[in-house]
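Each remark here refers to the structure printed beneath this line.
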2 protein chains.
Amino acid sequence: MERIIMAHGSGGRLSHQLVQEIFQKHLSNSYLNQMNDATWLPGSEKIAITTDSFVVSPLFFRGGDIGKLAVCGTINDLAVSGAQPRYLTLAVILEEGLLLADLEKIVQSIAATSQMAGVPIVCGDTKVVERGSADKIFINTTGIGALKECAVGPQYIRPGDYVLISGTIGDHGVAILADREGLEFETPVTSDCAPLNHLIDEFYMPGIHCMRDPTRGGVGTTLNELAKQGRVSIILEEEKLPLHPSVAGACGMLGLEPLYLANEGKVLVIVAPEAVDEVLTRMRNHPLGQEAAIIGRVEAADPGLVLLKTPLGGKRIVGMLEGEHLPRIC
Amino acid sequence: MERIIMAHGSGGRLSHQLVQEIFQKHLSNSYLNQMNDATWLPGSEKIAITTDSFVVSPLFFRGGDIGKLAVCGTINDLAVSGAQPRYLTLAVILEEGLLLADLEKIVQSIAATSQMAGVPIVCGDTKVVERGSADKIFINTTGIGALKECAVGPQYIRPGDYVLISGTIGDHGVAILADREGLEFETPVTSDCAPLNHLIDEFYMPGIHCMRDPTRGGVGTTLNELAKQGRVSIILEEEKLPLHPSVAGACGMLGLEPLYLANEGKVLVIVAPEAVDEVLTRMRNHPLGQEAAIIGRVEAADPGLVLLKTPLGGKRIVGMLEGEHLPRIC
């Protein structure tokens, strides 16, 4: 392969390969090798940093827009790393011809989301490129957070731990697809796009071993990363996966696997048996966690694998996302 | 005006208006209101943060490439703010079809520049968009730095201060233009793209009141910002401006004003009279400051204005850059 193809942006196997074979190869250091959603930096006050660009199409979708997404995505990467999100930077690349009214709507949405989450935008940058050299607007947000009391990460995952998700899966992916393709559902699907820092504050406690937000590549790809990094297997129960009926319908109709659909307001939590009930109760008490569920367990056998137990008792391997699935989802 | 036009990206008057009327209007807070190259954050260890996207065309030019530019640009924004650059983040947007060999060359250049400057890349992000939705590659770098011993900023500028520049002006702008238009000069112009943190370490001392790197919009626009923010006027002497002969030639031939051409490895320093000689000597002792020069002085009259004294004794006002000048210069 000698050129970038869309699948390099899927969040799946080719994305991982690109990062390994070009970026890690030349840039590898102890920070990048942490391979987490956010990187911890040394210093008297331990801080976490993360960066993310947003290229979603369409810019406005049911439940959000690229501005809301850009604020939530970076806040969530910090929050799932066990950091309290503190500051965001905002850099936009604008295409010549973008409507100023659209830009203003997006900036208003950024302001509202940043205020709701309590994380201010502290610096910014604006670039403009000729018509045809970008797709309306691309946004980068970089976030800084401060360490909370207990550390989390794939290295703390233990056999016997439970796997929780804070609500229904695949909503963002299907909402984008519906807006893009003009699909209509009886009950419309709304993107779950939301800042998770307050929800996580609510249930964060000792016994939580790892958290991740299953965005690009979905729950399936994210759990594959955790199984590999934590050297464990993860057994999911298909019937426990919380699924909005319209998402289930869309997946059946279009042949999509909900485990690979993007989420923008959900957190996966790996938690020790003694804490699982309290974490689940606290999650469900928060508006963003009402449909939280235990969806699986961690085992020692077959390290690196994610397995799905079907209602009939069968088991199948859930691999990393292959190919491109849905592009420009975030 | 209801749409984004190229001049919104010039770094000149329309860029400032866009920032004021859309971004500041909705996002204004005490951090953004610092209006500096980097923002200082509170905390036990005082840190500075800055973000910048790079959209230069062509990707490879004499003296550098988009990767080197992305590392230098953000390091320089920190260094001129009086911070010691510590960490960089790296987020790339790739266009489907980009040659992997080109990507690897860019990443190698990022690695080499980051190593030379002693500032590691600590986290990253990769997105891919369809062919025609971006121009090959866009790069965002965000940087974090730690406060050095003395504070600098436009509020410290005093009448009587001297204005220094660390070397020739307009080299980057002309190098890009030459590569883009296939112009040939007797002595080729090379971009000055370089990380300035080590140069600044060399001459940084009490008596330095303000530093800026005159990138997009050039020396003219940058000094206009300082004159307005510092409520002073700045009188430049045209014959003191260090100018590469080929840059002077290109400007004459093409009707370009060197004061508005981008620089990517130069620093403007506003310094008290008692320190000016030592700062200039130290600058000239560093390989990146050999052609440093005193180019003007600060006065109390006409606050907000930048004036250019011509060799014949005339004075003309140097305004902010109007219109788009050269697009996609950084």
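The values are calculated or read from the model by the stated rules, or taken from the named source; none is laboratory data. These figures come from a predicted structure and were not determined experimentally. Here the Cβ positions follow ideal geometry from the backbone for every residue, glycine too, while neighbour counts run over all protein chains shown. SASA here: full protein model, heavy atoms, side chains in, ligands and nucleic acids out. Shrake-Rupley method; radii C 1.70, N 1.55, O 1.52, S 1.80 Å.
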Determine the pairs where a residue that is within 24 Å of residue B:171 (Cα to Cα), located within the range B:203-215, has a partner that is assigned to a strand (DSSP E or B) and open to solvent by less than 20 Å² (accessible area, probe 1.4 Å) with Cβ atoms under 6 Å apart, the partner being 6 or more residues away or on another chain. B:210/B:270; B:211/B:269; B:212/B:268; B:214/B:268
Kindly indicate the residue of the range B:293-330 that is β-branched (Val, Ile, Thr) and surrounded by 14 or more Cβ atoms within 10 Å (Cβ to Cβ) and also farthest from residue B:214 (Cα to Cα) among those meeting that condition. B:298
Out of the residues in the range A:146-169 that are of a type in the set (Gly, Ala, Ser) and touching an Asp or Glu at 6+ places or on another chain (Cβ under 9 Å), which is nearest to residue A:229 (Cα to Cα)? A:160
Residue check: is residue A:228 closer than 18 Å to residue A:153 by Cα and crowded, with 23+ Cβ neighbours inside 10 Å? no
Output yes when any residue across the range B:76-89 is touching a Ser or Thr at 6+ places or on another chain (Cβ under 7 Å) and surrounded by fewer than 24 Cβ atoms within 10 Å (Cβ to Cβ), and no when none is. no
Out of (1) in contact with a strand residue (DSSP E or B) (Cβ under 6 Å, 6 or more places away or on another chain); (2) at pLDDT below 95, the odd one out for residue A:250 is which? (1)
Determine whether residue B:99 is open to solvent by 40 Å² or more (accessible area, probe 1.4 Å) and within 7 Å of chain A (Cβ to nearest Cβ). yes
Qualifying positions in the range B:57-79 - away from chain A (no Cβ under 12 Å) and of a type in the set (D, E, K, R): B:62, B:65, B:68
Filter result (at the interface with another protein chain (Cβ under 8 Å from one of its Cβ atoms), outside any helix (DSSP H, G or I) and either of a type in the set (Gly, Ala, Ser) or out of contact with any strand residue (DSSP E or B) (no Cβ under 8 Å at 6 or more places or on another chain) (or both)) within the range B:11-56: B:38, B:43, B:44, B:53
Give the range A:111-131 a look and list any residue that's within 7 Å of chain B (Cβ to nearest Cβ) and either under 22 Å from the mean Cα position of the chain (by Cα) or not charged (D, E, K, R) (or both), or say none. A:111, A:120, A:121, A:122, A:123, A:124, A:126, A:128, A:129
Residue within the range B:122-131 that is buried (at least 22 other Cβ atoms within 10 Å of the Cβ) and not in a strand (DSSP E or B) present: no
